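None of the figures in this text is laboratory data; all of them are computed from the coordinates on show. Computed from a predicted model, the values in this text were never measured in an experiment. Heads up, the Cβs are rebuilt from the backbone with ideal geometry, glycines too, and the neighbour counts pull from every protein chain shown.
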């Protein structure tokens with residue numbers, strides 16, 4: 001070792017500072033976000049419906065994921081800047097307060113609740129044509145966001161269920177809409193939650209002096225009641241988060257529950273969130289998703305198309321991206337506003 | 001029979017090298033090779049990982065580059081280990097270089113098999 005070190009020392013001394021500078025570029029994170037093309041994932045890899053298992057499905061239904069890199073290194077920032085396929089943005093004021101681990105937790109909460117929405121919408125639609133299918137759900141209020149000033153920040157986890165708050169004059173509020181009305185007089189109130197393991201806990205949350213808010217964001221979700229739902233399903237863990245696979249997951253689940261194969265042998269992909277009423281919702285990273293689908297050679301790509309006049313409408317933006325990178329969108333890029341639009345489009349393929 | 005003879009010749013070569021450099025000297029040279037090769041390879045691998053993250057659609061291309069980088073690492077370790085041995089005893093007579101080439105070939109084969117497994121089994125399974 002010493003002999004080699006002695007021999008290499010003049011070179012090492014010369015290169016030490018550039019070497020350390022290069023390592024700094026490679027490992028120092030900065031408060032930006034990079035969206036880059038990712039891949040497509042067949043929904044069958046993550047959702048397993050225990051039903052119709054002999055049914056032959058000739059095509060495939062995939063969600064599209066992109067690489068959303070929070071806090072990239074300087075090197076990634078520079079490489080992304082020169083890549084025609086990436087989009088670089090400064091981190092939003094909401095995201096900048098969260099650690100990368102917290103952003104991951106929020107992303108998985110989004111994904112999990114999106115799958116629940118897909119199941120509810122697809123089962124409800126399938127129940128119309130298949131009386132064997134039944135679906136039930138419960139409505140819960142979950143912790144979706146935490147501000148830096150939230151008291152007991154580390155004790156409350158994303159996804160914990162809000163149960164109640166003991167408000168003024170001993171009034172117990174159990175819904176989001178009532179919280180503001182019963183927490184007027186005092187600076188601190190007792191909030192009760194249920195954690196992921198089912199344990200109930202109560203914490204006294206104080207209002208922030210500057211904003212007069214508790215610093216907790218709650219959101220209402222419908223979650224599948226497995227007791228009265230048939231057939232059963234399994235949702236496997238995956239490394240992919242976010243709600244943008246909702247629309248395509250709904251199509252996949254629906255296809256598993258009905259007799260005919262709605263894929264018609266096509267390699268189907270797409271993006272878009274799903275609402276409980278079956279409406280598609282906007283997603284981010286349109287450019288990267290279009291490129292991902294194009295690179296993957298899909299036959300059809302569904303994307304939310306809700307308002308032709310809106311400059312940031314996903315379909316309108318997708319057409320712009322196609323023009324920018326020289327992709328012909330005709331025949332495979334399809335704008336849809338709802339789950340039903342997709343079903344109707346696929347039904348027309350047969351004709 | 002031929003393979004048996006080759007293995008025997010290799011064993012003799014190993015014994016000669018060991019007698020000349022002693023086990024401690026050999027391990028020291030190998031350690032030096034690993035340390036310096038790692039210092040050189042870490043930035044290369046970090047660059048590849050970071051470029052791959054923003055170019056996932058070229059995953060296989062980057063997987064091949066990783067395999068090539070692993071080949072480079074193996075050969076660099078052995079090359080630097082040989083340089084270290086030569087610096088220890090410039091007048092050495094045993095075939096340390098030949099022995100390290102065999103060592104590099106064995107590790108290259110291991111990297112190649114692992115790389116092929118990644119390209120054909122693990123990556124398709126992870127991205128399916």
Taking the DSSP beta bridges in the protein assembly as shown as the whole, what percent of them are antiparallel, to the nearest 5?
80
Averaged across B:44-55, how many Cβ atoms of other chains sit within 10 Å of each residue's Cβ atom?
6
For chain B, the longest principal axis of the Cα atoms and the Cα long axis of helix B:59-88 enclose an angle in degrees, to the nearest 10, of 20
Evaluate the relative contact order of chain A (contact order divided by residue number), counting alpha-carbon pairs under 8 angstrom at least 6 apart; express in whole percent.
22
Once a ≥ b ≥ c are taken as the square roots of the eigenvalues of the Cα gyration tensor of chain B, is the result rounded (a/c under 1.5), prolate (a/b larger than b/c) or oblate (a/b not larger than b/c)?
oblate
Quick note on B:94, A:114, ordering by fewest other C-beta atoms within 10 Å, gives B:94, A:114
Counting partner chain Cβ atoms within 10 Å of every residue's Cβ in A:65-72, what's the average?
2
Suppose only helical runs count, i.e. DSSP H with n ≥ 4. What mean residue ellipticity at 222 nm does that imply for the protein assembly as shown under -39500 (n - 2.57) per run, divided by all residues and rounded to the nearest 500 deg cm²/dmol?
-16500 deg cm²/dmol
FRET efficiency for residue A:196 and residue A:21, Cβ-Cβ distance as r, R0 = 41 Å, nearest 0.05?
0.40
I need the shape label for the stretch A:140-221. Rule: rounded when a/c is under 1.5, else prolate if a/b > b/c, else oblate, with a, b, c from the alpha carbon gyration tensor.
oblate
Could you tell me whether the stretch A:202-294 comes out rounded, prolate or oblate from its Cα gyration tensor? Rule is a ≥ b ≥ c as square roots of the eigenvalues, rounded for a/c under 1.5, then prolate if a/b exceeds b/c, otherwise oblate.
oblate
On average, how many beta carbons from a partner chain sit within 10 Å of the beta carbon of a residue in B:25-38?
2
Could you check the spin-label model distance between residue A:155 and residue A:310? Points 7 Å from the Cα along Cα→Cβ, value in nm.
4.0
Could you state the angle between the C-alpha long axis of helix B:2-53 and the longest principal axis of the C-alpha atoms of chain B, as a value from 0 to 90 degrees rounded to the nearest 10?
30
Taking Cα atoms only, helix B:96-117 is inclined relative to the longest principal axis of chain B by an angle, in degrees rounded to 10, of 20
Would you please give the FRET efficiency between residue A:12 and residue A:259, computed as 1/(1 + (r/R0)^6) with r the Cβ-Cβ distance and R0 = 56 Å, to the nearest 0.05?
0.20
List the relative contact order of the stretch A:140-221 as a percent without decimals, with contacts defined as Cα pairs under 8 Å and 6+ residues apart.
39
